[in-house]
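Okay, so here's the structure we're looking at.
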Amino acid sequence: MPNVEVYEKDELTPLFEGDFMFLPRLGETISKDMGGYFNYYDVVEVWHREEGETGTFRACVRVKIDD
């Protein structure tokens, strides 16, 4: 189960992190429970970044809120 960092406009601070059954793909929608209602996010970019000296890559996606 990949742990994915989800970003909106700020590339330095994730909007949230989540454990996904599979990596979200470009064009898909993520719905996040916000305590009684859902926010919907469209995936607009997918990339992987290397963490420090470990050589481990983290999956990252950029989203745009879907009003």
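Given a 1.4 angstrom probe, I'd like the percentage of the accessible area of the chain that is carbon and sulfur, rounded to a whole number.
On the way: 2470 of 4780 Å².
The C+S portion of the solvent-accessible surface of the chain is 52 percent.
Test of understanding: what is the full-extension gain from Phe20 to Phe57, defined as 0.36 nm times their sequence separation minus their Cα-Cα distance? Don't skip to the end; give the middle numbers.
On the way: separation 37, 0.36 × 37 = 13.32 nm, distance 1.56 nm.
Taking Phe20 through Phe57 to full extension adds about 11.8 nm, to one decimal.
Restrict the search to the range 1-46; then list the GluC sites (Glu not before Pro) that DSSP places in a loop and that have at most 11 other Cβ atoms within 10 Å of their Cβ. Write out the running numbers ahead of the final one.
Working: sites: Glu5, Glu8, Glu11, Glu17, Glu28, Glu45; in loops: Glu8, Glu11, Glu28.
Answer in residue order: Glu11.
Scan the range 1-43 for trypsin sites (Lys or Arg not before Pro) in coil per DSSP, keeping those whose Cβ has at most 12 other Cβ atoms within 10 Å, and list them by number.
Within the range 1-43, the qualifying trypsin sites (Lys or Arg not before Pro) (loop, at most 12 other Cβ atoms within 10 Å) are Lys9, Arg25.
If I model the chain as equal point scatterers sitting on the Cα atoms and use the Debye formula, what is log10 I(q)/I(0) at q = 0.27 Å⁻¹?
The computed values of log10 I(q)/I(0) come out as -1.33.
Find the accessible area per residue for the chain; the probe is 1.4 Å, ligands and nucleic acids are left out, and the unit is Å².
In whole numbers, the chain has 71 Å² accessible per residue.
The values are calculated or read from the model by the stated rules, or taken from the named source; none is laboratory data. The structure presented is a predicted model; accordingly, all values stated were derived computationally and were not measured. Cβ atoms come from the backbone with ideal geometry, glycine included; neighbour counts cover every protein chain shown. Quick note on the areas: whole protein, heavy atoms, side chains included, nothing else; ligands and nucleic acids left out. Shrake-Rupley method; radii C 1.70, N 1.55, O 1.52, S 1.80 Å.
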